[in-house]
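One structure below.
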Amino acid sequence: MNKYIVFLGLLMLAFTSCQFSEHIYLNEDGTGKMEFKFDGSEIMQMGGEKSAENSKVIDSTFTFKEIFEAKKDSVALLSKAERQNIKAIENITVHMLTNEKEKTFTMEISTAFKRADELKNMFKALDIMGRLNAKGKTRLNDPTNPFSTLADGGNTDLSFSFKKGIFKRKVKILDAELQEKATDSLGPLAAMFANSKYKVNYHLPRRAKSVSNDKALFSADGKTVIIEYGLIDFMKNPELMNLEIVLED
């Protein structure tokens, strides 16, 4: 089984079974880097014992462009708009490390951005990855994929901005009834998501003067803001992630 198929399979397991952390590294000029980290070691712990001879270690780095080339038949099943959007996410990088003997699985997905409004491309990318794995059969706002909730063109309008020392993350639900139906359709999956956490980490070029979320934690130097959400809470109400961070002058 090649590394791309392994990645897509583990990514979908990660959606339902592990802890997520989102990191945004923001520079003064508005450029930066976004990174998702997945720790799915719990998934590995559920597997049976592997002998040292048969256990596998995968330590691989590749880009989404390579995945799209390897899965071109599945790409062809995506909508025309999604195929056009693929160019914007080709350079996203994946570092995947699995060790069957030690029962560990970690994955980092990262991309650089020139403007804060490009950040939403990462959510679009993760949603598309989910549909490649399902051969185009899933849909936007798919309740089995947490990132579909925020994908551009789904049931939310997601935007980021960084202007005059103010960083904003805005999420607006477009259809409350549709959102409720999507959440209700989770069924038994809701229990799987119940223990998963979604932690965001904003690494800032200057100290934060104020943060709109009163649950925010700060690093000792005041330049990192950390907020943890229950994954199921954010899936039910994405607007919980609305945020405004004002930096010191």
Can you run phi through the Karplus equation (6.51, -1.76, 1.60; θ = phi - 60°) for region 78-87 and list ³J(HN,Hα) in whole Hz, with x for Gly and Pro? 6, 5, 4, 4, 5, 5, 5, 6, 4, 4
Listed highest first by mean packing, meaning other Cβ atoms within 10 Å per residue, what order do 113-119, 59-65 come in? 113-119, 59-65
Overall dimensions of region 178-249 as given by Cα atoms, namely Rg and Dmax in Å: 15.1, 48
Suppose each label sits 7 Å from its Cα in the direction of the beta carbon; what would the D184-S41 distance come out to in nanometres? 4.0
Whose amide H sits under 5 Å from the amide H of Q19, counting only residues 5 or more places off or on another chain, with H placed in the peptide plane? D39
If you stretched the chain out fully between T31 and L97, how much longer would it get, using 0.36 nm times the residue separation minus the C-alpha to C-alpha distance? 21.0 nm
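Laboratory data are not the source of any read-out in this text; all were calculated from the coordinates shown. Only a predicted model underlies this, so the values are computations on that prediction, with no experimental measurement involved. So basically every Cβ, Gly included, is an ideal-geometry build from the backbone, and we count neighbours across all protein chains shown.
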